[in-house]
Amino acid sequence: MATLELIDIAKRFTKKVWGVKKMDLKVEDKEFIVLLGPSGCGKTTTMRMVAGLEEVTRGTILLDGKDITDIPPRDRGISMVFQNYAIWPHMTVYENIAFSLKLKKMSAAEIKERVEETAAMVKIGELLKRLPGQLSGGQQQRVALARALAVRPKLFLMDEPLSNLDAKLRVTMRTELKAIHQQTNATSIFVTHDQSEAMSMADRIVIMKDGEIVQIGTPDDVYFRSANMFVAGFIGTPPSNFFNVECEYTKENISLKHSHFTLEIDSMKFQELGKYRGKEIVLGVRPEDLLIVPESKAVFTAEVLVVEPQGSHQVVAINLKEIIVKMVVSAETKVKPGDKIGLGFNIKRIHFFDSKTENRIVFKGGV
Amino acid sequence: MNNAIKRQLKRSAKRSSLYIVLAGIAFIIIFPIFFLFSFSFMSDYETYSEWPKPLIPSFKANFMIDKNSEGYHLLIFNKSEDKYMPFGPLVFTNSQEDIDNLRKFIKLQSNSKITSQKIMEYLKIVDSKSRVEFSIKKDLLANYILFFQVVNGAPKAVLNSLMVAGATILISLTIGGMGGYAFARYFFKGKNILKLSVLFVRMFPAVSLAIPMVIILAKMGLYDQPLGLSLVYSVGQISMSIWITASVFMAIPVSLEEAAMIFGTTRAGAFLHVTLPLALPGLAASAMYSFIGSWNEVIAAVVLTQFNPTFPVVVYKALVGSQGQINLITAGSVAQALPAIIFTLIIRKYIIQMWGGVKV
């Protein structure tokens, strides 16, 4: 298996349009990396550069320490699953899977064995004689997967492979893909714009925005220690709530003043906020870290705007004049639109961001 | 309630009048073509001695042989008069020569074949019973066979036409196909203007360019040669090929080629293994379009050939030079038009797609 290293790569489409501005990334052996970001952030371009389908404007791509920057795609030892599957409609499923093996001049018996083995792995053993036109979307997806697995690649690339499937199938395939990865242990790069897909599959997530990496980290990292407001707002359903607060610093505590509430926190735990004395900072709170509490203990009270039951939990939206705050509460909690509820924060899990740079304010004492 | 009925009536009236108009237009277009076909199957007698003309040519001819003191008479059934009319020599005997002439006359005038023995048999029956009626199956293709027999150089002209068409297809499909692929796959400045401008060469009528074309082809030594003619046709056909093949290649996703490149082929290999097999029906349609364009063209061919005319030139000359024998000329015309009509029906799907992607 293989390691992949991207050193300072960039892609420029036209004079002013950059696909990828700057990217450094090291993918370890057997790792499952997910490139995540909104559309147009350069994640697919990055993958296409790794595949060799797009020339790099600058930088070096190393696979197993070997420079593959200018090598044609067929000699890179990679395989890829495309967003629209890209299985060849004029070949049967068997021919599709065997295509690359035939070009490698493997013997017919070997090819047959490899194709059947791979087809069994993705559960299309009985479809080998069909043409792609006779298959459902999910089955075509599996054929594309089998074709990519059959070559035993050093590096396995997947470009939004699940985005054309219906919601239920997507979740099933997610699990199967992860199981296949555990079985084959191929170093994999997976591109998606679906953050829940990324969270559930990745060893490490690379979050991109405007052609640059915003954060690289495990799913826990990006969720609990989001590097900046973009990540905090992108990851999680619903995403983080942000409050612009003014920071007033006294010896005993810090009071954070928002137009609706004042939150007092222990100045010892949040010493680093000292330099923001008298300035505005952004308080970030995950929906599940907003708590419904008795009004006597509440930091503030507000009126419920909408309740969205989700089965296992409910999403409650609260209207705070200029913003809508969303919180997640248990399914048993009884709230209805128009109710006045008292709200508190889970202080251990609140985040602070610099309002100018939008970057996370890191505290030595944890969080 | 009343209103609903009124509305419905109004709508069906609108519908009906639309269909009536459309049927009228279709009739105006189709009827002459239908008549052309119908005529090409008629014998001389049907063409010139029957009025009104039947819509569908008959499949057999009915004859009667009669006898009186002067000798035998041959009569043919005339459908417009609804009775037997004299046909051929007024009187004939049962001499071998007379019977032979009669046989030839029947064949020529009514496209029906009968042997001399058969005529002899009929005459014997007439001798004993005084008259006999008989019918002979008509040879429907007689006009076509006759056309190629009597019109000078017609078979060779067909061969010329096929050669010209073949060369035109070869030239226009290779160059046009490559152009079409480039237009389908690459983005560059001025692409749309360039794509439109390849059609400019089709704006000039062949006649206006006749003299320069003759001079240039003569200098190249290609005047009156199938290859020279195919070069001239290719100029126009390449632009059409570009448009057709571009739409064909555009319908094949790039990712199919990219997948091939990742799974082991070169760029050219991806085209060969994946794009070409998928594009084949479309390319065939483009080839047929070139065929039609070259097969049907007559003006440039008249100007640019002398001793090696193409088939449409021969048909045209036969039409211009003929005195009567319309049924014969129509047979030539149908022989000329038929391949083009068949190919047009085959490729109509692609032609419609080319101008806006409406699927039939």
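The values are calculated or read from the model by the stated rules, or taken from the named source; none is laboratory data. What you see is a predicted model; the values in this text were computed from it and never measured. Note that we place each Cβ from the backbone using ideal geometry, even for glycine, and neighbour counts take in every protein chain shown. For accessibility, only protein heavy atoms count, side chains too; no ligands or nucleic acids. Shrake-Rupley method; radii C 1.70, N 1.55, O 1.52, S 1.80 Å.
Determine, yes or no, whether B:Leu102 is touching a residue at least 12 places away in the same chain (Cβ under 8 Å), outside any helix (DSSP H, G or I), in contact with a strand residue (DSSP E or B) (Cβ under 9 Å, 6 or more places away or on another chain) and outside the structural domain of B:Asn296 (by TED's automatic domain parsing).
no
Considering segment A:158-259, the qualifying strands (runs of 3 or more DSSP E), each wholly inside and each with 2 or more residues that are modelled with pLDDT of 90 or more, run over A:187-192, A:204-209, A:212-217, A:241-249. Just for segment B:209-239: of the residues that are without any contact (Cβ under 8 Å) to a residue 24 or more places away in the chain and more than 23 Å from B:Leu159 (Cα to Cα), which one is farthest from the chain's Cα centre (by Cα)? Ranking the qualifying residues of segment B:209-239, first place goes to B:Lys219. Just the residues that are within 9 Å of chain B (Cβ to nearest Cβ) and polar (S, T, N, Q), please, taken from segment A:84-95. Answer for segment A:84-95, where residues must be within 9 Å of chain B (Cβ to nearest Cβ) and polar (S, T, N, Q): just A:Asn84.
Only one of the numbered conditions (1) farther than 13 Å from B:Ser43 by Cα; (2) under 41 Å from the mean Cα position of the chain (by Cα); (3) in contact (Cβ under 8 Å) with a residue 24 or more places away in the chain is violated by B:Ser116, and that is (3).
Which residues, taken from segment B:272-290, are open to solvent by 10 Å² or more (accessible area, probe 1.4 Å) and either at pLDDT 95 or above or small (Gly, Ala, Ser) (or both)? Give the derivation first.
To start, the set of residues in segment B:272-290 that are open to solvent by 10 Å² or more (accessible area, probe 1.4 Å) comprises B:272-273, B:276-278, B:280-281, B:283-284, B:287-289.
Hits for segment B:272-290 are B:Ala284, B:Ala287.
Here B:Ala61 passes the criteria (1) among the small types (Gly, Ala, Ser); (2) in a strand (DSSP E or B); (3) on the phi > 0 side of the Ramachandran plot except the one numbered (3). Among the residues of segment B:257-271, those identified as open to solvent by less than 10 Å² (accessible area, probe 1.4 Å) and hydrophobic (A, V, I, L, M, F, W, C) are B:Ala259, B:Ala260, B:Ile262, B:Phe263, B:Ala270. Against the criterion of being open to solvent by less than 50 Å² (accessible area, probe 1.4 Å), more than 17 Å from B:Ala165 (Cα to Cα) and over 20 Å from the mean Cα position of the chain (by Cα), B:Ala318 does not qualify. Considering only residues that are part of a loop (DSSP other than H, G, I, E, B), open to solvent by 60 Å² or more (accessible area, probe 1.4 Å) and within 20 Å of A:Glu264 (Cβ to Cβ), which ones fall in segment A:295-354? Matches in segment A:295-354: A:Glu295, A:Ser296, A:Lys297. Taking the criterion of being over 19 Å from A:Glu160 (Cβ atoms) and within 14 Å of chain B (Cβ to nearest Cβ), the residues of segment A:14-53 that qualify are A:Thr14, A:Lys15, A:Val17. In the set (1) surrounded by fewer than 17 Cβ atoms within 10 Å (Cβ to Cβ); (2) under 24 Å from A:Val328 (Cα atoms), A:Ser267 fails one condition alone, (2).
When restricted to residues that are in a helix (DSSP H, G or I) and surrounded by fewer than 18 Cβ atoms within 10 Å (Cβ to Cβ), segment B:124-143 contains 5.
This table checks each residue for (1) open to solvent by 20 Å² or more (accessible area, probe 1.4 Å); (2) not assigned by TED's automatic domain parsing to the domain that holds A:Gln139.
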position: A:Leu169; (1), (2): yes, no
position: A:Ile180; (1), (2): no, no
position: A:Phe190; (1), (2): no, no
position: A:Glu252; (1), (2): yes, yes
position: A:Lys257; (1), (2): yes, yes
position: A:Phe261; (1), (2): no, yes
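Taking the stated definitions as given, is A:Leu131 out of contact with any Lys or Arg (no Cβ under 7 Å at 6 or more places or on another chain) and open to solvent by less than 20 Å² (accessible area, probe 1.4 Å)? Even if it seems obvious, please write down each step before you answer.
Values: out of contact with any Lys or Arg (no Cβ under 7 Å at 6 or more places or on another chain): yes; open to solvent by less than 20 Å² (accessible area, probe 1.4 Å): no.
No; evaluated as a whole, the condition is false for this residue.
Kindly establish whether A:His313 is at pLDDT 85 or above, of a type outside the set (Val, Ile, Thr) and closer than 17 Å to A:Ile350 by Cβ. If you could, list the steps in order and put the result at the bottom.
Numbers: at pLDDT 85 or above: yes; of a type outside the set (Val, Ile, Thr): yes; closer than 17 Å to A:Ile350 by Cβ: no.
When the stated conditions are applied, A:His313 does not pass them.
Scanning segment B:331-343 turns up no residue that is open to solvent by 40 Å² or more (accessible area, probe 1.4 Å), over 17 Å from the mean Cα position of the chain (by Cα) and touching a residue at least 40 places away in the same chain (Cβ under 8 Å).
Within segment B:44-59, restricting attention to residues that are touching a strand residue (DSSP E or B) at 6+ places or on another chain (Cβ under 9 Å) and surrounded by 13 or more Cβ atoms within 10 Å (Cβ to Cβ), the residue that is nearest to B:Ile99 (Cα to Cα) is B:Tyr45. Just the residues that are within 22 Å of A:Ala150 (Cβ to Cβ) and more than 7 Å from chain A (Cβ to nearest Cβ), please, taken from segment B:225-265. Hits for segment B:225-265 are B:Glu257, B:Ala260.
Taken residue by residue, segment B:71-83 has no member that is touching a residue at least 60 places away in the same chain (Cβ under 8 Å), touching a Ser or Thr at 6+ places or on another chain (Cβ under 9 Å) and crowded, with 17+ Cβ neighbours inside 10 Å.
So in segment B:274-292, with the set limited to residues that are free of Cβ contacts under 8 Å to residues at least 24 places away in the same chain and at the interface with chain A (Cβ under 8 Å from one of its Cβ atoms), which one is farthest from A:Leu101 (Cα to Cα)? Only one residue fits best here, namely B:Pro277.
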